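The values are calculated or read from the model by the stated rules, or taken from the named source; none is laboratory data. Everything numeric here is computed off the predicted structure, so don't read it as measured data. Cβ atoms come from the backbone with ideal geometry, glycine included; neighbour counts cover every protein chain shown.
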Amino acid sequence: MRFRFTPVDTTFYDLFAKSASILVDGARLFAEMLAADADRTASARLMKDAEHRADEATHEIIRRVNSTFVTPFDREDIYRLAAGLDDVMDYMEAAVDSIVLYELDQLPEGLEQQVEVLQRAAALTAEAMPRLRTMRDLEEYWIEVNRLENLGDQIHRQMLAKLFSGAYDALTVLKVKDVIELVELAVDAFEKVANTVEQIAVKES
Amino acid sequence: MRFRFTPVDTTFYDLFAKSASILVDGARLFAEMLAADADRTASARLMKDAEHRADEATHEIIRRVNSTFVTPFDREDIYRLAAGLDDVMDYMEAAVDSIVLYELDQLPEGLEQQVEVLQRAAALTAEAMPRLRTMRDLEEYWIEVNRLENLGDQIHRQMLAKLFSGAYDALTVLKVKDVIELVELAVDAFEKVANTVEQIAVKES
Amino acid sequence: MRFRFTPVDTTFYDLFAKSASILVDGARLFAEMLAADADRTASARLMKDAEHRADEATHEIIRRVNSTFVTPFDREDIYRLAAGLDDVMDYMEAAVDSIVLYELDQLPEGLEQQVEVLQRAAALTAEAMPRLRTMRDLEEYWIEVNRLENLGDQIHRQMLAKLFSGAYDALTVLKVKDVIELVELAVDAFEKVANTVEQIAVKES
C-alpha cells in the first residue's frame, strides 16, 4: 500500500457505501414484489423512489469530486464506480417497471432465483465499499461477484430455453424476454462494478 | 478556470461543433421522414450520407489528436467525446434504416414526440460544443440533456405499453420495438455525451 | 517511436497474442458448427472450453498488470484491451449456445458469411497483436477491421429484412434474431478492440 501524505477527503467511502446500500434496498423490493400476494404497482412506486435516491447519491458523488482537491483515487475511477452503481439500479427499476407495464400475470420460473443472485451481489457490494478505504480483502468480493454473474448467466439461459420451448405465445415470449434481459443486465452491471473495483485496487496497490 | 501558458490547438472546438451540427441535420432528417407524405427511402439515403459525414468528422478529430502535441483536454476525453457523438448518429441512422427495411407502414404514436426529444438534445449539444473553449455555462446543458433523457425514457415506456397491449400482431411488435429501441439508444447516447462533457469540465475546473 | 530506457515487461505482447489466438479458434469452431453434418452440441461444448481458456488468458493479463512495475503501455489500456478480446469470445460463445438452446433447425442465409467476417477479423487481430511491440503497421489492421464491421452491418441488415419478410413465424423470428444479434455484437466487439489499439498507438506514438 502507498503511503499518503496529503489529507484525503474520505467522505467518498461513505458515499459509495450509501449508494450500494440503496442497491440492497432495491434488490429486496424486487424480491418482495415477486411474492404471490404482492401489490406490484406499489412495489414499482417504491422502486422508483429508490431509483431517485440512487440518482441523488450519484450526483452527490459527482459534486464532491468537483469540489475536492485531493481525491482518494482517480477522479475518473470515482466517476466510473458511481456510474456503475447507478446502472445497477436503473436496470432493476426498469425490470420491475416492465413487469407492471406489460401486466405480466405469470412470472417465469427461475426469476426468483435470479433476483436472489441480485440480492447476494448487492449485499457483497455494500460490504465491499467500506473496504475501499484500506483496499484490503477486496479480492474475495470481485471473485464472488464474477461467480454470481456466471450463475446468473446459467439461470438466464435456462429461462430462455424454457421460454422458447413452444409453450408460450409470441407476445408473452417477447414480454418475459424483456423482463429477464433487464434482470440479466442488472447482474452484469454488478460484475462491471466489481471489475472497476478490481482495476482501482490494481492501480492503488 | 485554469490559465494556460502553452499554445493549445483550438481546432478541436470547431471539429466538435461540426460533428454536433451533423447530429442536428440527422435529427431533422429523421423528423422530416415521419411526415405523412415523406419519401422514406430518399430520407434513409440522406441519413446514410449524414452518417458518412459524421464518420469523417470523427476520423478528422482522431487524426488531429494523433498529430497534435498539446491538446485542450485529455486525449482520452477527446476520443470519448468524438466516439459518443458518432454513436448518436449511428443509432439515428439505424432507426431510420429499420423503418425502411421493415417496410413499417404504421409508425407508433409517440415516435414523433421522441424524435422531437432527439432534435432538442441535438440542438443543445451543438450549442454547448463551442462553450468547451471556456468551460463556462455547460452545467445547464448537461442538466437539460439528462432531463430530456428522462422524458425520452417515459415516452419509450408508454410506447412499449401500447405496443404490448394486444392490439398488434407479434411481428409488428417485434419490428416497432426494434425501431423505438434504436431511438431510445440515440437519446441515451446524447446523455452519455453530456456526461462526458460533465467529466471533462469537472477535471478542467 | 519513443525510446524506452526502463526495462519493460514484454510478456504482455505474448499474452495478447495468446488471447487473440483463442478467438481464431473460437471463430473456426463457429464456422465448423454451421456445416450440414456438424454435431452442434459437441461444437457448443468445444466453444465453452475455448471461452474458459479465454477467461484464463484474460485473468493472466490482469494478474500480470497487478504484479508488474513498468508496463509497456497504460495499465488501463491493457485492461481495456484484455476485456475487449474477452467480450468477443463471450458473444461468440453465446451465439453458438443460443443455436443449440433454441434447437434452431434452419439457420438463416447470411450467417455463414457473417461468421466468415468473424474469422477474418479474428485472423487480423491475432496478426496485429505482436505488432503492438513496435506499434508499427497497425493502421491497416484497424482500418480493415472497421471495413469488416461495416460489411457485417450490411449482412446483418439483409438478414433482418429477410427475417421480417413474413416468411417466418414469430417465435422463429425471435430465436434467429437473438442469434444474429449476438454475432453482430461479436463483430462490433472486434471493432472496439481495433479502436482500443488505435487509441493506444495514438498515445504511444
Exercise for the section: Name the single residue, out of those in the range B:71-119 being within 13 Å of another protein chain (Cβ to nearest Cβ) and of a type in the set (S, T, N, Q), that is surrounded by the fewest Cβ atoms within 10 Å (Cβ to Cβ). Expected result: B:T71
Completion exercise
Residue count, the range C:63-116, condition touching a residue at least 40 places away in the same chain (Cβ under 8 Å), of a type in the set (G, A, S) and farther than 18 Å from A:N146 by Cβ, comes to 3
Fill in the blank from the handout: For C:R28, the lone unmet condition from (1) more than 14 Å from chain A (Cβ to nearest Cβ); (2) crowded, with 21+ Cβ neighbours inside 10 Å is (2)
Problem - Subset of the range A:170-190 (residues that are of a type in the set (D, E) and either within 12 Å of chain B (Cβ to nearest Cβ) or surrounded by fewer than 20 Cβ atoms within 10 Å (Cβ to Cβ) (or both)) - result: A:D178, A:E181, A:D188
Handout entry: Odd one out for B:E56 among (1) within 14 Å of chain C (Cβ to nearest Cβ); (2) over 19 Å from B:I180 (Cα atoms); (3) surrounded by fewer than 18 Cβ atoms within 10 Å (Cβ to Cβ); (4) more than 18 Å from the chain's Cα centre (by Cα)
Key = (4)
Exercise for the section: Check the range C:187-196 and report whether any residue there is in a helix (DSSP H, G or I), within 14 Å of C:Q113 (Cα to Cα) and in contact (Cβ under 8 Å) with a residue 60 or more places away in the chain. Expected result: yes
Problem - Of the criteria (1) farther than 30 Å from A:E76 by Cα; (2) free of Cβ contacts under 8 Å to residues at least 24 places away in the same chain, which one B:L34 fails - result: (2)
Exercise for the section: Examine the range A:13-36 for a residue that is at pLDDT 95 or above and part of a loop (DSSP other than H, G, I, E, B), and state whether such a residue exists. Expected result: yes
Exercise for the section: Answer yes or no: is there a residue in the range C:109-124 that is under 29 Å from A:L138 (Cα atoms), more than 14 Å from the chain's Cα centre (by Cα) and of a type in the set (G, A, S). Expected result: no
Handout entry: Tally of residues being surrounded by 14 or more Cβ atoms within 10 Å (Cβ to Cβ), over 15 Å from A:Q114 (Cβ atoms) and touching a residue at least 40 places away in the same chain (Cβ under 8 Å) across the range A:134-169
Key = 5
Exercise for the section: Taking the options B:A123, B:A128, name whichever one is more than 9 Å from every other protein chain (Cβ to nearest Cβ), out of contact with any Asp or Glu (no Cβ under 9 Å at 6 or more places or on another chain) and of a type in the set (A, V, I, L, M). Expected result: B:A123
Fill in the blank from the handout: Of the residues in the range C:101-128, those that are of a type in the set (A, V, I, L, M, F, W, C) and modelled with pLDDT under 95 number 3
Exercise for the section: Confirm whether B:A201 is more than 11 Å from chain A (Cβ to nearest Cβ), under 22 Å from the mean Cα position of the chain (by Cα) and closer than 28 Å to B:R133 by Cα. Expected result: no
Practice task
Scan C:S19, C:S43 and give me the residue that is in contact with a Phe, Trp or Tyr (Cβ under 9 Å, 6 or more places away or on another chain), among the polar types (S, T, N, Q) and closer than 22 Å to A:N150 by Cα.
Solution key: C:S43
Handout entry: Matching residues, the range B:9-53, being more than 17 Å from the chain's Cα centre (by Cα) and of a type in the set (S, T, Y)
Key = B:T10, B:T11, B:Y13, B:T41, B:S43
Practice task
Kindly establish whether B:V183 is part of a helix (DSSP H, G or I), under 19 Å from B:E116 (Cα atoms), modelled with pLDDT of 95 or more and over 15 Å from the mean Cα position of the chain (by Cα).
Solution key: no
